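The values are calculated or read from the model by the stated rules, or taken from the named source; none is laboratory data. Nothing here was measured: the structure is a model prediction, and the numbers come from that model. Note: ideal-geometry Cβ built from the backbone for every residue, glycine included; neighbour counts use all protein chains shown. Just so you know, the surface numbers come from the protein's heavy atoms only, side chains and all, with ligands and any DNA or RNA stripped out. Shrake-Rupley method; radii C 1.70, N 1.55, O 1.52, S 1.80 Å.
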Amino acid sequence: MLIGNKFLYQNAWIFYIANVLLLLLVLFYGKEVNNSICWFEIPGVGSFQPSEFMKIILIIVLGRMINDYNEKYTNPTIENEFKFLIKVLIVVFIPSILTFIEPDTGAVLIYLIITFVMLFIGGIRKRWFILTIGILGLLVSSVLVTFYINQDLFIDIFGTNFFYRVERIVDWSGGSGMQLTNSLTAIGSGGMFGHGFNNTPIYFPEPQTDFIFAVFASNYGLFGAIMLIFLILFFDIRLINTVSQTSDMINKYVIGGILAMLLYQQVQNISMTIGLLPITGITLPFISYGGSSLISYMIMAGVIFNISNESLRYTN
């Protein structure tokens, strides 16, 4: 908040290039945890995860790109839009590939959702979204057909690591797996008011990050879980109100990207713990443990507060 959003917008490309370099370096010098190389280990401080900061940096960079484009072209042609979308694709593709290699599929999905929503808010013609959805649908269908028809061929093409990631996603609807079973048991055992703080009788992997909602529901029961969801909804509604109040278009794009990121993570994390969506390793913002994620969300909060303050000054 002391730095101000103007400084972030003006130096967006510097932050982007620096974070891309960190994503590249972490592949060579990062610490491996659960077969993923996503973290730098800093002696005396702890671990540092560049992909968490890439989310907010990508939002700021795309916000500036879309704003500059709309200011330059008041009535863009198809060619103008196509060239702009190619630039956006390159900007998003570079960190997505580096993050996917780690591997951190959940973060890549967040990058793509942020991009899709911000471009939609930015006024890009709907034909591009229809075309993109069609291409993605064709690619996903081809991958799934190969997976189900010939798994040996699938492994030869994509490798065993990607095979296990796809297998975990496609098997979610069966309700099987120790993680989901124990998550549902933990939530159900909480009853109305739960077992009490820090008292979770059911074990499941990564309770402090991916399955924090199951821990919360087990500790505080149905009543506590409903209160948490109401708090999340209250926060999201305030964000929507902030979008409607701000007159600066770049702020609208940035808030739209932040809202897209938060909504996706909230829905995905809570839904996967109760078996409604596949388990993808998505954390619950502000609730899940993690120093890098918490700092990135605090940077995001500072950006939101600055936009809110600007809107109040404009209104007054």
I'd like the per residue volume of the convex hull spanned by the Cα atoms of the chain, given in cubic angstrom. 158
If you take the alpha carbon radius of gyration of region 84-160 and divide it by 2.2 N^0.38 Å, what ratio comes out, to two decimals? 1.28
Between Trp39 and residues 5 or more places away or on another chain, which pairs have amide H atoms under 5 Å apart, with H built 1.01 Å from N, and which residues are they? Lys31
In nm², what is the average projected area of the convex hull enclosing the Cα atoms of region 62-104? 3.3
Length gained if Tyr164 through Leu89 is fully extended, taking 0.36 nm per residue and subtracting the Cα-Cα distance, is 24.3 nm
Region 182-188 - phi-based ³J(HN,Hα) in whole Hz, Karplus 6.51/-1.76/1.60, Gly and Pro as x: 5, 5, 5, 5, 5, 5, x
Hey, what D do you get for region 204-247 in µm²/s if you plug the Kirkwood alpha-carbon radius into Stokes-Einstein at 37 °C and 0.692 mPa s? 272
So for each of 263-275, 93-105, 234-246, 212-224 I average, over its residues, the number of other beta carbons within 10 Å; can you give me the resulting order with the highest mean first? 212-224, 263-275, 93-105, 234-246
Calculated diffusion of region 237-286, Stokes-Einstein form, Kirkwood radius summed over Cα pairs, 25 °C and 0.890 mPa s, µm²/s: 205
Whole number in Å², please: accessible area per residue of the chain, 1.4 Å probe, ligands, DNA and RNA not counted. 54
Given the pairs Lys55/Lys83; Lys6/Lys83; Lys87/Lys126; Lys31/Lys87; Lys6/Lys252, which are separated by over 20 angstrom at their Cα positions? Lys55/Lys83; Lys6/Lys83; Lys31/Lys87
Viscosity 0.692 mPa s, 37 °C: Kirkwood-radius Stokes-Einstein D of region 186-304 over Cα pairs, µm²/s: 215
Bin all alpha-carbon pair distances of region 10-107 at 10 Å intervals from 0 and give each bin's fraction as a whole percent. 15, 40, 27, 13, 5, 0
Could you rank the peptides 11-18, 62-69 by their average count of other C-beta atoms within 10 Å per residue, with the highest value first? 62-69, 11-18
In what sequence, highest mean first, do 35-41, 304-310, 277-283 appear when ranked by Cβ atoms within 10 angstrom? 277-283, 304-310, 35-41
